Amino acid sequence: MAETIFSEMSRLASEHDAINLGQGFPDTPGPREVVDAAVAAMHRGWNQYPPAVGIPSLRTAIADHQRRWYGLDVDPNGGVVVCSGASEALSSAMTSLLRPGDEVIALEPYYDLYAATAALLGARLVPVRIHAPDYALDGDALREAVTGRTRMILLNTPHNPTGAVLSTAELQQVADVAIAHDLVVLADEVYEHLVFDDERHVPIATLPGMFERTITVGSGGKTFSVTGWKIGWATGPADLVAGVLGVKQWFSFAAGTPLQHGIAAGLTLPDERLAALATDLARKRDLLTDGLRELGLEVFHSRATYFVTADVAPLGVTDSLEFCRSLPERVGVAAVPNQVFHASPEGVETQVRFACCKRDEILADALLRLRKL
Ligand code: PMP
Ligand code: GLN
């Protein structure tokens, strides 16, 4: 399989000593308590295999988090599985449920892992496009995408790369389709806490009749700005979660014990700490959005996540992939072309995703460099 766009752009960034606004990762160390708890766990000697399902304190913290934030009744013993990042939770869930020839519907643009995993399984990813500038869900398109082979809807909200946050009314349309056709929903909610302004993330599992058919995926890396830790999880009803565990035990078996302790500490931090991380990120979103607009680019309003999408056509660009491949060498900035999140680049040929999760001075420097264009 080809190198992922994130590996390619991070490699180009490092080759050309460029500011990396491609792959989405913060450049600050993450909350002190989270890091301290992981370090303390290492020093205590908690460095051996954890249970495949995850350490009890983290499973309890995840179940408590789902209850406290969303009123969801998740069983820490049977309703939670800790994975090597949300990535492994997603690919294990897909592997547990999809057979060759099955179809999985996903909002397009979609995170690259979905199509790659579907391809590995011989399943077919069926895209339902959401369009700039508001990225509203087209309920008719969703309903028309369902066939006799559809098994799953892969729903990413808050949404990478667009920064869209699905409203309850949009989620209800997804739920109606899932219930009518007896589909499982795989809900990728890794950006659940990186939501800006007055937006509110609603897990689809909270809608009537949905908990029993939804696998919800979270990421400690995203929530606590420690993306390299790769601690994620799936929650849901016991039968679906057992399927995820059954597969995941053969992928990684288990994920880093001390890091699980760190994330468990993070999930017990006061809620205001998470809100503060989002407020800070919203400010960075504004810095980057305003700066890109000053360069004459159209920037689509991002309501969540690490990302902002701009249309670089005013720079004379016709192909964002080519543009992003040359950008690190030309001006010392890396970014990601949105077309890689689409089955066909048609209509998004000139869209580029920039990560805003960097220190203010780094964002300012990146904007200065982009001015050379
Ligand atoms: N889903 C989406 C939408 C993402 O952007 C990412 C990227 N981190 C993941 C899943 C994977 O998360 P993790 O790093 O926890 O594996
Ligand atoms: N989720 C990150 C992004 O969208 C990339 C993670 C990865 O490199 N696999 O930038």
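Name every residue in region 73-104 that is part of a helix (DSSP H, G or I), small (Gly, Ala, Ser) and either on the phi > 0 side of the Ramachandran plot or within 16 Å of ligand 2 (Cβ to nearest atom) (or both), in order of residue number. Steps first, answer last, please.
Of the residues in region 73-104, the ones part of a helix (DSSP H, G or I) are 85-97.
Those still in the list that are small (Gly, Ala, Ser) too: 85-87, 89, 91-93, 96.
If the condition is that a residue be part of a helix (DSSP H, G or I), small (Gly, Ala, Ser) and either on the phi > 0 side of the Ramachandran plot or within 16 Å of ligand 2 (Cβ to nearest atom) (or both), then 85, 86, 87, 89, 91, 92 are the ones that fit.
Considering only region 160-176, I want to know if a residue exists there that is in contact with a Gly (Cβ under 6 Å, 6 or more places away or on another chain) and part of a helix (DSSP H, G or I). Yes, the conditions are met somewhere in region 160-176. Among residues of region 108-127 that are free of Cβ contacts under 8 Å to residues at least 40 places away in the same chain, those with a Cβ under 7 angstrom from a residue that is within 14 Å of ligand 1 (Cβ to nearest atom) and of a type in the set (Gly, Ala, Ser), sequence gap 6+ or separate chain, pair up as 113/87; 113/91; 117/91.
Residue count for region 268-299 under the criterion of being in contact with a His (Cβ under 8 Å, 6 or more places away or on another chain) and assigned to a strand (DSSP E or B): the result is 0.
Contact map, region 72-89: residues that are over 13 Å from residue 51 (Cβ atoms) paired with residues that are among the aliphatic types (A, V, I, L, M) and part of a loop (DSSP other than H, G, I, E, B), Cβ distance under 7 Å, separation 6+ or inter-chain. Pairs shown: 84/255; 86/190. So which residues in region 280-309 are of a type in the set (Ser, Thr, Tyr) and over 17 Å from residue 190 (Cα atoms), if there are any at all? Passing the criteria: 289, 309. Starting from region 317-332, take each residue that is within 14 Å of residue 370 (Cβ to Cβ) and list its partners that are of a type in the set (Phe, Trp, Tyr), counting only C-beta distances under 7 angstrom and pairs at least six apart or across chains. Going by the 7 Å Cβ cut-off, the qualifying pairs are 317/323.
Taking into account only those residues within region 287-317 that are away from ligand 2 (no atom under 16 Å from the Cβ) and touching a helix residue (DSSP H, G or I) at 6+ places or on another chain (Cβ under 7 Å), which is farthest from residue 360 (Cα to Cα)? I'd like the intermediate steps shown before the answer.
Narrowing region 287-317 to residues away from ligand 2 (no atom under 16 Å from the Cβ): 287, 289-301, 303, 311-317.
The next check asks that each one be touching a helix residue (DSSP H, G or I) at 6+ places or on another chain (Cβ under 7 Å); those that pass are 287, 291, 295-297, 299, 312, 317.
Working: 287: 8, 291: 12, 295: 18, 296: 21, 297: 20, 299: 19, 312: 22, 317: 27 Å.
So, considering only residues that are away from ligand 2 (no atom under 16 Å from the Cβ) and touching a helix residue (DSSP H, G or I) at 6+ places or on another chain (Cβ under 7 Å), the one farthest from residue 360 (Cα to Cα) is 317.
Every test in (1) within 16 Å of residue 24 (Cβ to Cβ); (2) in contact with a strand residue (DSSP E or B) (Cβ under 6 Å, 6 or more places away or on another chain); (3) within 16 Å of ligand 1 (Cβ to nearest atom) is passed by residue 303 save one, and that test is (2).
If you go through region 1-44 and pick out every residue that is exposed (fewer than 13 other Cβ atoms within 10 Å of the Cβ), at pLDDT 95 or above and farther than 22 Å from residue 220 by Cβ, you end up with 3.
Being in a helix (DSSP H, G or I), more than 16 Å from ligand 1 (Cβ to nearest atom), in contact (Cβ under 8 Å) with a residue 24 or more places away in the chain and in contact with a Cys (Cβ under 9 Å, 6 or more places away or on another chain) is a property that does not hold for residue 367.
Would you call residue 242 out of contact with any His (no Cβ under 8 Å at 6 or more places or on another chain), touching a residue at least 60 places away in the same chain (Cβ under 8 Å), of a type in the set (A, V, I, L, M) and part of a loop (DSSP other than H, G, I, E, B)? Judged against the criteria, residue 242 is not a match. Output the residue which, of all residues in region 205-223 that are under 12 Å from the mean Cα position of the chain (by Cα) and part of a helix (DSSP H, G or I), is nearest to ligand 1 (Cβ to nearest atom). My answer is 221.
Within region 45-68, identify whether any single residue is away from ligand 2 (no atom under 16 Å from the Cβ) and within 22 Å of residue 178 (Cβ to Cβ), and answer yes or no. Scanning region 45-68 turns up at least one residue that is away from ligand 2 (no atom under 16 Å from the Cβ) and within 22 Å of residue 178 (Cβ to Cβ). Would you please name the residue that is farthest from ligand 2 (Cβ to nearest atom), looking only at residues in region 184-202 that are under 13 Å from residue 154 (Cβ atoms) and touching a residue at least 40 places away in the same chain (Cβ under 8 Å)? Among residues in region 184-202 that are under 13 Å from residue 154 (Cβ atoms) and touching a residue at least 40 places away in the same chain (Cβ under 8 Å), the one farthest from ligand 2 (Cβ to nearest atom) is 184. Can you find a residue that is closer than 30 Å to residue 181 by Cβ and part of a loop (DSSP other than H, G, I, E, B) anywhere in region 230-237? Yes; the residues of region 230-237 include at least one that is closer than 30 Å to residue 181 by Cβ and part of a loop (DSSP other than H, G, I, E, B). Can you find a residue that is out of contact with any Cys (no Cβ under 8 Å at 6 or more places or on another chain), within 25 Å of residue 231 (Cβ to Cβ), modelled with pLDDT of 95 or more and among the aliphatic types (A, V, I, L, M) anywhere in region 297-309? The answer is yes, given that some residue of region 297-309 is out of contact with any Cys (no Cβ under 8 Å at 6 or more places or on another chain), within 25 Å of residue 231 (Cβ to Cβ), modelled with pLDDT of 95 or more and among the aliphatic types (A, V, I, L, M).
The values are calculated or read from the model by the stated rules, or taken from the named source; none is laboratory data. Quantities reported herein were computed from a predicted structural model and do not represent experimental measurements. Neighbour counts run over all protein chains shown; Cβ positions are idealised from the backbone, glycine included.
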